[in-house]
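Chemist: Can you keep this structure in mind? I'll have questions shortly.
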């Protein structure tokens with residue numbers, strides 16, 4: 001149980017284009033989903049917290065107009081990197097919390113983004 | 001000051017030994033504590049959660065929590081080379097946001 005999927009697992013795009021990453025909870029309803037970014041040999045950096053049906057809460061320093069988050073249902077959240085640049089190349093990971101089961105987060109497999 | 005601190009390592013242990021990973025946290029009101037394992041190039045996977053003082057065992061893993069000392073640890077018995085990974089300590093944040101505060105992680109190397 002508590003399986004989270006992400007799609008795509010990797011993507012290569014040209015500078016200036018937009019990329020959408022999907023995060024799905026496959027066997028549970030997730031009241032809250034989280035988006036993280038991780039650069040090589042660094043720890044996880046929380047980008048934003050996403051609750052179904054409401055606007056995402058972004059961490060300080062994260063541009064909300066560049067990283068668009070939509071949480072349309074209890075099983076799906078999307079992250080769109082708009083006008084991507086090479087410095088946005090990173091490993092993007094989502095996680096989801098089970099409704100009513102406290103703070104446990106289950107992570108998706110991650111999406112590796114390379115911007116050329 | 002970091003909110004969750006871990007020794008980055010690497011911690012090197014021989015196969016079959018006990019690996020001891022430690023974590024301290026600064027927020028006294030934290031209620032939930034987690035250990036995640038992250039292999040290189042992969043996303044974190046949950047190993048254990050612990051909420052009460054004392055020990056919690058799951059197979060070869062034992063989590064220990066001491067809220068008075070603001071300390072949580074993970075013991076791995078009979079360490080295997082497949083346990084070689086980065087271990088992330090996570091602590092629930094303040095408020096009811098569901099956010100976790102992650103440490104920098106400790107890299108464990110189990111040598112055959």
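Chemist: Can you report the number of residues in the stretch A:38-58 which are within 12 Å of chain B (Cβ to nearest Cβ) and under 16 Å from residue B:44 (Cβ atoms)?
Modeler: 9
Chemist: Taking the options A:44, A:76, name whichever one is more than 28 Å from residue B:4 (Cα to Cα), surrounded by 15 or more Cβ atoms within 10 Å (Cβ to Cβ) and at pLDDT below 95.
Modeler: Being more than 28 Å from residue B:4 (Cα to Cα), surrounded by 15 or more Cβ atoms within 10 Å (Cβ to Cβ) and at pLDDT below 95 holds for just one of A:44, A:76, which is A:76.
Chemist: With the requirement that a residue be surrounded by fewer than 20 Cβ atoms within 10 Å (Cβ to Cβ) and at the interface with another protein chain (Cβ under 9 Å from one of its Cβ atoms), what does the stretch A:28-37 give you?
Modeler: Residue satisfying the conditions is A:31 alone.
Chemist: Same structure, new question: Might you let me know whether the stretch A:3-19 holds any residue that is within 11 Å of chain B (Cβ to nearest Cβ), surrounded by 18 or more Cβ atoms within 10 Å (Cβ to Cβ) and modelled with pLDDT of 95 or more?
Modeler: Checked against the condition, which is being within 11 Å of chain B (Cβ to nearest Cβ), surrounded by 18 or more Cβ atoms within 10 Å (Cβ to Cβ) and modelled with pLDDT of 95 or more, the stretch A:3-19 yields at least one hit.
Chemist: Another question, if that's okay. How about the stretch B:1-107: which strands (runs of 3 or more DSSP E) wholly inside it have at least 1 residues that are free of Cβ contacts under 8 Å to residues at least 40 places away in the same chain and surrounded by 14 or more Cβ atoms within 10 Å (Cβ to Cβ)?
Modeler: B:45-50, B:54-58, B:61-66
Chemist: Anything in the stretch A:6-28 that is under 16 Å from residue A:70 (Cα atoms) and more than 11 Å from the chain's Cα centre (by Cα)? List them, or say none.
Modeler: Once the filter is applied, which keeps residues that are under 16 Å from residue A:70 (Cα atoms) and more than 11 Å from the chain's Cα centre (by Cα), the stretch A:6-28 yields A:18, A:19, A:25.
The values are calculated or read from the model by the stated rules, or taken from the named source; none is laboratory data. What you see is a predicted model; the values in this text were computed from it and never measured. Neighbour counts are summed over all protein chains in view; Cβ atoms, including those assigned to glycine, are modelled from backbone coordinates with ideal geometry.
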